[in-house]
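So the structure is just underneath, and the comments pick up after that.
Each reported figure results from applying straightforward, stated rules to the coordinates on display, with no laboratory input. Everything numeric in this text was worked out from a predicted model, so none of it was measured. Because the Cβ atoms are built from the backbone with ideal geometry, glycine has one as well, and the counts that use them run over all protein chains shown.
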């Protein structure tokens, strides 16, 4: 299976693309991750693929602004970068109009004629699309009711005394038969085709293998080309790029996305600054007043909890939108999961640090804590560490749930860390059998670190 995955690529039904990248940038990042060529060779290959796919005029258009047909062609182009001999497509015509569907299937037909094996699922193709397909495999109720050439389908049905009307789409007629519109013929179809094992209705152009030789028709790729594909991919590592190469490319891609989506980063910083002003006003100049020790205690805990929850909720809500892209690229062996996670965190690191720094500094000086750089540094460090752990927790929750479910379940998932932080009930006052829960709360360690920094 590992060897076969190197030979194949899977294109999902939904075109999960990076909306903030241009077509040229998306292809360039794919080439950096999937090819071991120099820069000039990569650019040449990208130009060839974009020209073939009809995307040359849209190379500087962001993928989020492409039409449905262009997005589908770009999804195919991204996987053509490393020239896989086998390609799987899940409903490539889904959501496309008749013209775009015809263009998509014509493109796949051209790729197949160049020597690739194209396997795709299509629900109820039109007669035009039906005639462009070389081999058909029809499934009904989990059983194969036909496998063979599209040109032999009418003859196959006629052998069961099921005559397709003139000028009628044979696929529609077969679907009506499977649906029982003309009586119960499903079992007969399964038996006649031997549940997909019969080769009677295959095209005469199909190649056959016997014990000693191969017969390959002129329309198929040559045996030498088959061998070069096999040897080329067999000795290729599971990932074309090294870990550090993957990390650099993904960091560059995430940086471009961050710079083009400034609103998200700016809103995070402004939110922290606004809350800091409100909290600082509420607890103004209480830090060094012994009469307000308990209030200062509450202030420090609120700050830790706010930074924890803001980092947790932001990651939990935004990550599910990136998950389909991650699944597609990782499944097709673009990069390792640890490369993606580390690149994501390193690019987000400055934004989170700036937001945390602004909040803590504003609150620290407005509440009149001790003006010592060491205390301030430790305070910022502990708050930032808590926010990083909260981001990791948000990533775990967001990767396993949909957004609407994570919004409901997320607070329940994070609440035990708050309850057992030592703020509401001290460890020494809790029942002994619950002590282990206190030690699992990262908020407990963050709160203790903040208290040590301030006092």
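Annotations
- Using alpha-carbon coordinates, inclination of helix 68-80 to the longest axis of the chain, degrees: 90
- In the chain, the DSSP-assigned H stretches of four residues or longer account for a calculated mean residue ellipticity at 222 nm of -19500 deg cm²/dmol, using -39500 (n - 2.57) per stretch and the full residue count as denominator.
- Rounded tilt (10° steps) of 293-331 against the dominant C-alpha axis of the chain: 10
- Taking each residue as 0.36 nm, the span from residue 43 to residue 160 lengthens on full extension beyond its C-alpha to C-alpha distance by 36.6 nm.
- Global form of the stretch 320-455, assessed from the alpha-carbon gyration tensor, a/c cut-off 1.5: oblate
- Sorting 63, 318, 356 by the number of Cβ atoms found within 10 Å of their own Cβ, with the fewest placed first, yields 318, 63, 356.
- Helix axis angle, 223-234 relative to the chain longest principal axis, alpha carbon, degrees: 20
- Square roots of 5 times each gyration tensor eigenvalue, C-alpha, the stretch 3-203, largest first, Å: 38, 18, 13
- Of 40, 178, the sequence from fewest to most neighbouring Cβ atoms within 10 angstrom is 40, 178.
- Label assignment, P(r) over Cα pairs in 20 Å bins from 0, in percent derived from the structure, set (i) 19, 39, 27, 13, 2; (ii) 25, 57, 17, 0; (iii) 24, 49, 22, 5, 0: (i)
- Residue order, fewest to most beta carbons within 10 Å, for 420, 130: 130, 420
- Mean sequence separation of contacting Cα pairs (under 8 Å, at least six apart), scaled by the length of the chain, corresponds to a relative contact order of 15 percent.
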